[in-house]
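Scroll down for the structure; my scribbles are underneath it.
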Amino acid sequence: MNTRKRTSRINPALIATHVTDAAQHLRVEPCPPNQVDWFETTMQARHCLGSAHPVGDYLRQIVRNCLGEPVALLAWGPASYALKDRDLHISWDAHKRRTRLKLIVQNRRFALLTGKGAAPNLASQVLAASLRCLCEQWEQAHGYRPLMAESFTDPQKHEGTCYKASNWQPVGTTAGYSRHRADYYIPNDDPKCLWLYPLRPDAKKLLCAPTLPEPYARGLSPAPTGALPLNARQMDSLHELFARAKDPRGKNTTFRIRPVLTIVAMALLAGRRDIAEITRFGNILSQPQRQAIGLPRQKNTRFWRVPSYNVYYQLLRRMDNEAFASLLNEWMAQHAGTLPGALAMDGKMIRDQIGILTLASHEDGAPHYSAIYDKKEGTKRCEMKAAQAQLKALPQLDGKIITADALHCQKQTAELITAKGGDYVLQIKDNQRTLHKHAQAKGARPPFL
């Protein structure tokens with residue numbers, strides 16, 4: 001009986017293949033609760049900035065090789081509040097950024113656990129593997145899917161090679177400021193390179209689209225009351241526009257018409273509808289914003305004054321409202337772009353002095369066209385007549401839906417909308433008995449039934 005111990009020969013080529021596969025076949029898993037302490041301790045030791053303080057929606061990822069060994073740690077969190085180059089790249093205004101910021105997630109920390117040079121190309125492979133499962137893991141953790149990822153590199157320390165290799169896009173640099181508190185930033189003299197990665201091919205388009213698919217729509221944040229749907233460039237152009245406005249008041253006025261009308265227009269675009277709300281809107285402008293639109297500086301201080309209620313009231317009483325609406329419509333035609341899919345038509349009176357009729361986006365309330373009227377009804381310049389005049393002046397409405405209340409449920413109004421290629425949803429009340437009975441006969445019911 002042969003009792004010699006059998007040995008097997010190992011093919012060196014198989015060893016090399018096995019090691020390569022171990023580096024490439026990576027498994028990315030969310031960090032389980034019982035390993036959070038180990039994750040943070042390891043990140044603190046391995047990353048040059050230490051562990052990140054978790055805020056908002058947060059996700060920790062552990063990357064393992066095919067042997068089950070951890071080779072990298074990644075931490076994802078909320079995106080930076082305001083990045084000029086990012087917002088320009090996406091074509092975001094301030095309103096879009098406020099409501100859709102959660103759809104961008106930031107790579108807060110990324111640490112390899114292997115020795116330097118031990119696994120070539122591992123960093124780019126880890127990033128690619130992490131991004132492939134980021135949307136699904138984020139949705140499982142927070143209930144919605146992100147559309148884009150952002151990250152930063154220090155150009156004095158890193159060239160961002162692993163980001164280039166995993167197809168991240170360099171889109172600019174930060175301005176070198178840190179957010180100290182709301183609307184206040186302090187210089188840090190340390191600008192970073194900004195990288196973006198779209199998590200689906202049409203991510204950039206969706207971030208600006210009127211509507212979003214359900215998995216992404218769940219990540220929308222409600223707009224704060226009176227949110228301004230303008231970016232800095234649009235605000236500057238609005239201020240320049242009102243240089244053409246004529247001031248009906250005397251020359252010895254503290255607040256010139258240009259900055260006052262700029263505040264009025266921005267407040268109306270932000271959804272404010274009476275003088276008290278316009279006044280409050282002006283009061284919350286930051287000092288740099290007040291300075292930018294030309295408000296007067298308070299003597300011997302670094303503070304810029306804002307108009308009082310009486311300033312707005314006196315100006316709105318005396319100004320040429322039609323000229324104001326014409327200038328504002330000219331500006332909106334230059335900046336609004338194409339009409340959204342659904343527009344709400346509504347009018348509001350400001351202190352019984354001036355009525356503003358707007359066609360506003362259903363999604364965010366941003367106006368796209370406006371008109372001036374004097375009374376709700378019963379005059380040649382009432383809201384209904386102003387609406388019909390506005391519809392006549394509109395471009396084609398192909399594929400658009402106009403919604404309005406019962407005041408605008410008029411045959412001429414409906415014909416104007418359909419003549420432009422649009423559709424309408426108009427409210428019917430009992431005072432239009434024949435039409436109301438006809439609608440009931442066709443099976444129409446109140447929306448709440």
Restricting the range 193-217 to residues that are outside any loop (DSSP other than H, G, I, E, B), more than 21 Å from residue 130 (Cα to Cα) and not small (Gly, Ala, Ser), the residue that is modelled with the lowest pLDDT: 214
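Does residue 115 qualify as being small (Gly, Ala, Ser) and on the phi > 0 side of the Ramachandran plot?
Numbers: small (Gly, Ala, Ser): yes; on the phi > 0 side of the Ramachandran plot: no.
Taking the combined requirement at face value, the residue does not satisfy it.
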Matching residues, the range 143-171, being over 18 Å from residue 204 (Cα atoms) and either among the hydrophobic types (A, V, I, L, M, F, W, C) or outside the structural domain of residue 133 (by TED's automatic domain parsing) (or both): 152, 162, 165
Unmet criterion (only one of (1) modelled with pLDDT of 90 or more; (2) farther than 16 Å from residue 145 by Cα) for residue 66: (1)
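Residues that are in a helix (DSSP H, G or I), closer than 30 Å to residue 145 by Cβ and at pLDDT below 85: does the range 223-232 have at least one? Before the answer, list the steps.
Step one: of the range 223-232, the residues in a helix (DSSP H, G or I) are 232.
Of the ones still in play, those that are also closer than 30 Å to residue 145 by Cβ are 232.
So of that shortlist, the ones also at pLDDT below 85 come out as 232.
Yes, the conditions are met somewhere in the range 223-232.
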Conditions (1) part of a strand (DSSP E or B); (2) more than 17 Å from residue 151 (Cα to Cα); (3) not hydrophobic (A, V, I, L, M, F, W, C): number failed by residue 37: (1)
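Working carefully through the options 86, 108, 145, find the one that is under 24 Å from the mean Cα position of the chain (by Cα), in a loop (DSSP other than H, G, I, E, B) and not small (Gly, Ala, Ser). Can you show your working first?
Numbers: 86 fails: in a loop (DSSP other than H, G, I, E, B); 108 fails: in a loop (DSSP other than H, G, I, E, B).
One residue alone meets the criteria, 145.
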Lone qualifier among 414, 389 - being within 26 Å of residue 321 (Cα to Cα) and not in a strand (DSSP E or B): 389
Index of the failed condition, residue 97 passing every other in (1) at pLDDT 90 or above; (2) under 22 Å from residue 215 (Cα atoms); (3) crowded, with 17+ Cβ neighbours inside 10 Å: (1)
Residue 77 free of Cβ contacts under 8 Å to residues at least 60 places away in the same chain, assigned by TED's automatic domain parsing to the domain that holds residue 148 and assigned to a strand (DSSP E or B): yes
Residue match in the range 407-416 (condition: within 33 Å of the chain's Cα centre (by Cα), at pLDDT 75 or above and of a type outside the set (A, V, I, L, M, F, W, C)): yes
Contacts under 6 angstrom Cβ, first residue in the range 310-334 being within 20 Å of residue 274 (Cβ to Cβ), partner part of a helix (DSSP H, G or I), 6 or more apart: 312/275; 312/278; 313/275; 315/260; 328/265
Test: residue in the range 318-330 that is touching a Lys or Arg at 6+ places or on another chain (Cβ under 7 Å), crowded, with 20+ Cβ neighbours inside 10 Å and modelled with pLDDT of 60 or more: no
Residue 128 being at pLDDT 90 or above and in a strand (DSSP E or B): no
Every residue from the range 294-314 that is crowded, with 19+ Cβ neighbours inside 10 Å and either over 12 Å from residue 260 (Cβ atoms) or over 33 Å from the mean Cα position of the chain (by Cα) (or both): 304
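The values are calculated or read from the model by the stated rules, or taken from the named source; none is laboratory data. Quick caveat, the model's predicted, so the values are computed rather than measured. Using ideal geometry, Cβ is built from the backbone for each residue, glycine included, and neighbour counts are taken over all protein chains shown.
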